[in-house]
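Note sheet for the following structure.
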Amino acid sequence: MDFSARKPLCIIPARGGSKRLPRKNILSLGGKPLLAWTIEAAKNAGLFDSLWVSSEDEEILETALRFGATPLVRPASLATDHVTVVELCIHLIEEFEFLEKGYTDMYVMLPTSPFRSSETIKRAWRAYLEKGADALMSIVALAHPPQWALMEADGRLSPLYPEQYETPRQGLVSAYRHDGGHAIGKIPRFIRTRSFFGPGTIAFPVPEEEAVDVDEPIDLAWAEFLLQRSEGKS
């Protein structure tokens, strides 16, 4: 396979309307906006001719431009809590005619994963190409088995999976979550299926230290702690 014929489109969705952590994409982490961490890692990977940041927020778009990305204004209708990353990507690909610009694949990076490294970006892209995958999703193991989940109704508890609730961890199938760091897919297939998932989707485990996902105030505090600890060791 001629890997040089592949041209990845880097999309960084960064809306401004987060409720759990307001303005999270431009909050400071280690002295620079959260968004900047993803832009810099993507630039240093050396895979992309441009980095495209999609937002409805003027300040976020200005931040993207300041750190070397190309801002894409998204309509307000695609900036609500109910709009998925898949819907947004479909809109961007079709609205800005990225297929006509020669892009063959897309690489989506959420800015809430600030510790993803440029080396891991390159490893994910290489794994995706070498395995002939239709799509790739980065994963990290769940801290607790989902089979142990409980549900509450009127103050009363019951297991979500009663038949497996008492099963020891070693007897359960391992489960993972997508950490938001890396999602790659062939653009024509993605437009057709509107999903990253399918028989040709491969898993890409990421280092635990890169899987920090900043969605709550405690997540940002944890990221600051990890960053300070890392700097203290260097």
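No value in this document is a laboratory result; all are computed from the given coordinates. The shown structure was predicted, so the numbers you read here are calculated from the model rather than taken from an experiment. Glycine also receives a Cβ, built like all others from the backbone with ideal geometry; neighbour counts cover every protein chain displayed.
Does Glu95 satisfy the criteria of being closer than 26 Å to Arg15 by Cα and free of Cβ contacts under 8 Å to residues at least 12 places away in the same chain?
yes
Under 18 Å from Leu142 (Cα atoms) and buried (at least 16 other Cβ atoms within 10 Å of the Cβ): does that describe Glu216? Give the derivation first.
Values: under 18 Å from Leu142 (Cα atoms): yes; buried (at least 16 other Cβ atoms within 10 Å of the Cβ): no.
For Glu216, the condition - under 18 Å from Leu142 (Cα atoms) and buried (at least 16 other Cβ atoms within 10 Å of the Cβ) - is not met.
Cβ-Cβ below 6 Å, separation at least six or inter-chain, first residue in segment 50-68 and under 17 Å from Ser28 (Cα atoms), second crowded, with 22+ Cβ neighbours inside 10 Å: which pairs?
Close Cβ pairs (under 6 Å, with a partner that is crowded, with 22+ Cβ neighbours inside 10 Å) amount to Ile60/Ala14; Ile60/Asn25; Leu61/Ser55; Thr63/Pro33; Thr63/Leu35; Ala64/Val53; Phe67/Ala36; Phe67/Ile39.
Being in contact with a strand residue (DSSP E or B) (Cβ under 8 Å, 6 or more places away or on another chain), part of a loop (DSSP other than H, G, I, E, B) and loosely packed, with under 15 Cβ neighbours inside 10 Å is the filter here; which residues of segment 62-95 pass it?
Gly68
So which residues in segment 30-61 are among the small types (Gly, Ala, Ser), closer than 11 Å to Ser118 by Cβ and not in a helix (DSSP H, G or I), if there are any at all?
Across segment 30-61, the qualifying residue is only Gly46.
Which residue is farthest from Ile191 (Cα to Cα), if the candidates are limited to segment 33-50 and must be crowded, with 22+ Cβ neighbours inside 10 Å and not small (Gly, Ala, Ser)?
Only one residue fits best here, namely Pro33.
Does Asn25 count as in contact (Cβ under 8 Å) with a residue 60 or more places away in the chain, outside any loop (DSSP other than H, G, I, E, B) and farther than 18 Å from Thr120 by Cα?
Working: in contact (Cβ under 8 Å) with a residue 60 or more places away in the chain: yes; outside any loop (DSSP other than H, G, I, E, B): yes; farther than 18 Å from Thr120 by Cα: yes.
When the stated conditions are applied, Asn25 passes them.
Spot the failing condition for Thr84; the list is (1) within 13 Å of the chain's Cα centre (by Cα); (2) touching a residue at least 12 places away in the same chain (Cβ under 8 Å), and only one is missed.
(2)
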